[in-house]
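Colleague: Input: one structure, supplied below.
Any read-out appearing in this document is the output of simple, stated calculations on the displayed coordinates, not a laboratory observation. Note that this is a predicted model, so its numbers are computed, not measured. Virtual Cβ from ideal backbone geometry, glycine too; neighbours counted across all protein chains shown.
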Amino acid sequence: MSGEAGRLLSIAYGTVLAGSRGRRRQVPPVEKGSKRPVKLKGKMLQGQGNPTTRFGLTSETRHTVILSLWGVAICCVVIGSLAPAASPLMVVIGRLHIWDKLQHFGAYLALSFLPVIGFRDRRRGIVAGLSMFVLGTLLEGGQHFSPGRAVEFGDVIANGAGVSCGTLLGLPIRACIAIL
């Protein structure tokens, strides 16, 4: 195709030939009679300044939601770890009949997974995720001062395994979220 028809077709698809080498470059489509780019399915073309929405949320909102969940999870784990053994909360958790070490593993898997996928900076997310092991160790030591609770080395091992798995699981999922 050559001439005006080829140019119009390439503009409609958002590409134009750049120079004689045949390379294509992205050109935002423009409404007739307007100089503003057309919005395509809730997304603006790269470099237009509007955030791309995924899952119905902007990138900023997704990070905020994930990190808010992380904060809530930290509060739940702190309360659950330091509550006295006879408290109604611990009685209800005891009725679940779930192995204690599995509860520790799952809680710390979530605590390390959420910052890995929630922080914009990958390194900070990993550091925040791995720091949950320190939190678990301190909370386990704090159980010494909680009535009816005891410090168990097995809980620290379960916390460490959960943190390790959560961090390792978060890395590929973080990459998948970035691709989507």
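Colleague: Just rank His144, His97, His104, fewest to most, by other beta-carbon atoms within 10 angstrom. Please list the in-between numbers first.
Modeller: Working: His144 9, His97 5, His104 24.
Fewest to most other Cβ atoms nearby, the residues stand as His97, His144, His104.
Colleague: Here is a follow-up. With the contact rule set at Cα under 8 Å and sequence spacing of 6 or more, what percent relative contact order holds for segment 54-179?
Modeller: Across segment 54-179, relative contact order equals 32 percent.
Colleague: Near Arg120, within a Cβ-to-Cβ distance under 14 Å, what is the net charge of the other residues, with Lys and Arg +1 and Asp and Glu -1?
Modeller: With Lys, Arg at +1 and Asp, Glu at -1, the neighbours total +3.
Colleague: Below 15 angstrom from the Cβ of Ser81, what's the summed charge of the other residues (Lys, Arg +1; Asp, Glu -1)?
Modeller: With Lys, Arg at +1 and Asp, Glu at -1, the neighbours total -2.
Colleague: Cut-off is 10 Å between beta-carbons; in what order do Glu140, Glu60, Glu152 appear when sorted fewest neighbours first?
Modeller: Going from least to most buried by this count: Glu60, Glu152, Glu140.
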